[in-house]
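The values are calculated or read from the model by the stated rules, or taken from the named source; none is laboratory data. Here the structure is a predicted model, which means the values were calculated and not measured. Glycine also receives a Cβ, built like all others from the backbone with ideal geometry; neighbour counts cover every protein chain displayed.
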Amino acid sequence: MRKFKETEILHWAHEVLNIEVDGILNLKESVNEQLLNTIKILALCKGRIIVTGMGKAGIIGQKFSATLSSTGTSSFWLHAAEAVHGDLGRIKEADAVVVLSYSGETEEVKNLIPFVKKMGAKIIAITGNVDSSLGRYADGFISVKVDKEACSLGLAPTTSTTAMLVICDAISVVLQKIKGFKEKDFAFFHPRGSLGRKLLLTVKDIMRKGRVNPVATENTLIKDILLKITTAHAGAASIVDKDGKLVGIFTDGDLRRNLERYPHLLKKKVQNVMTKNPVVVRDADLASEALKVLEKKKIDEVPVIDKNWRPVGMLDIQDLIAAGII
């Protein structure tokens with residue numbers, strides 16, 4: 001292998017990017033009535049959107065199906081070659097079958113078309129040749145024809161598969177908007193992802209409770225409150241009235257502010273120095289919403305109450321960090 005200059009290598013890389021960018025920009029011509037027709041077919045589909053193809057186009061199809069599924073459109077991938085060996089049974093009349101084939105003449109795809117037509121399912125073609133066998137029999141098509149492949153030989157699918165990917169992403173996003181698919185819906189399908197944690201975790205899931213949630217009545221002495229806080233390894237204690245309802249919070253800040261004011265502070269009742277009517281969050285609140293409260297009020301800790309205004313936990317900024325909300 002001969003040596004190459006660094007400038008030469010960078011030039012080749014830029015050349016590939018420029019060719020593929022041009023291919024994507026030319027796709028704007030495909031955003032027309034045919035794309036609208038395709039979107040209408042897919043949006044009105046009562047069944048599933050089945051995606052199929054072969055080779056590199058098939059790999060793009062797998063990604064397309066996965067994107068549809070994660071953004072609110074039921075979909076699955078069907079290998080074109082396996083379809084005619086029994087997997088055709090997975091297709092139903094109410095489905096729409098999206099076929100990716102740049103030439104539109106791939107043998108496995110051509111074999112599949114008559115059977116899909118007989119079943120009554122709609123066929124959508126994403127192809128570089130709308131006059132192909134695939135294009136002629138499709139109920140809807142989108143052209144992804146490109147002027148040039150980025151491959152130095154002009155043979156390996158490069159620009160054409162990029163064009164397919166971009167069009168598939170456009171379809172997915174448009175369908176997502178039509179269906180009104182929101183962040184909370186996305187999180188539901190991605191419960192183990194960071195967004196899922198942010199959107200689905202409630203305060204109750206991550207708050208400090210039980211022994212690490214110090215609670216005392218308003219008549220408790222400061223020295224006893226401090227013992228509770230220290231034992232719980234906490235930074236504050238929730239203060240309740242005789243009915244067990246939250247009336248205040250006692251924090252390190254309250255302690256420091258009152259040390260000079262009361263020489264015998266430790267013997268004072270907490271009701272004299274606590275912060276009354278504190279900021280609170282509810283146990284059913286989303287953790288992400290609780291974070292907004294802490295940030296807005298510029299505090300690090302907040303009591304958690306239930307629907308009866310009873311303190312059931314304490315939420316600290318560190319709890320949100322540990323849960324991956326921050």
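Looking only at the range 122-158, which residues are under 35 Å from the mean Cα position of the chain (by Cα), over 24 Å from Gly47 (Cα atoms) and of a type in the set (A, V, I, L, M, F, W, C)?
Scanning the range 122-158 gives Val130, Val144, Val146, Ala150, Cys151, Ala156.
Condition check ((1) on the phi < 0 side of the Ramachandran plot; (2) touching a strand residue (DSSP E or B) at 6+ places or on another chain (Cβ under 7 Å); (3) in contact (Cβ under 8 Å) with a residue 12 or more places away in the chain; (4) small (Gly, Ala, Ser)) across all residues:
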site	(1), (2), (3), (4)
Gly86	no, no, no, yes
Val99	yes, yes, yes, no
Gly104	no, yes, yes, yes
Val116	yes, yes, yes, no
Met119	yes, no, yes, no
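Report, by residue number, each residue of the range 132-157 that is surrounded by fewer than 18 Cβ atoms within 10 Å (Cβ to Cβ) and out of contact with any Gly (no Cβ under 8 Å at 6 or more places or on another chain).
Arg136, Tyr137, Asp139, Cys151, Ser152, Leu153, Gly154, Leu155, Ala156, listed by residue number.
Considering (1) more than 36 Å from the chain's Cα centre (by Cα); (2) surrounded by fewer than 14 Cβ atoms within 10 Å (Cβ to Cβ); (3) at pLDDT 90 or above, say which one Thr217 fails and leave the rest.
Evaluating Thr217 over (1) more than 36 Å from the chain's Cα centre (by Cα); (2) surrounded by fewer than 14 Cβ atoms within 10 Å (Cβ to Cβ); (3) at pLDDT 90 or above leaves (2) as the failure.
In the set Val270, Val240, which member is within 17 Å of Met314 (Cα to Cα) and in the same structural domain as Gln318 (by TED's automatic domain parsing)?
Val240
Thr106 - would you say it is touching a Ser or Thr at 6+ places or on another chain (Cβ under 8 Å), at pLDDT below 95, buried (at least 16 other Cβ atoms within 10 Å of the Cβ) and of a type outside the set (Gly, Ala, Ser)?
no
Pairs under 8 Å by beta carbon, first residue among the hydroxyl-bearing types (Ser, Thr, Tyr) in the range 12-36, partner at pLDDT 95 or above and part of a helix (DSSP H, G or I), six or more apart or different chains?
Ser30/Ile167
Would you mind stating whether Asp169 is under 30 Å from Lys117 (Cα atoms), in contact with a Ser or Thr (Cβ under 8 Å, 6 or more places away or on another chain) and of a type in the set (Asp, Glu)?
yes
Quick one: which residue in Ala323, Ala236 is under 15 Å from Val203 (Cα atoms) and in contact (Cβ under 8 Å) with a residue 60 or more places away in the chain?
None of the others qualify; the one that does is Ala323.
Every residue, every condition in (1) over 25 Å from the mean Cα position of the chain (by Cα); (2) crowded, with 18+ Cβ neighbours inside 10 Å, yes or no:
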site	(1), (2)
Lys5	yes, no
His14	yes, no
Glu20	yes, yes
Gly23	yes, yes
Glu29	yes, no
Gln34	yes, no
Asn37	yes, no
Cys45	no, yes
Ile60	no, yes
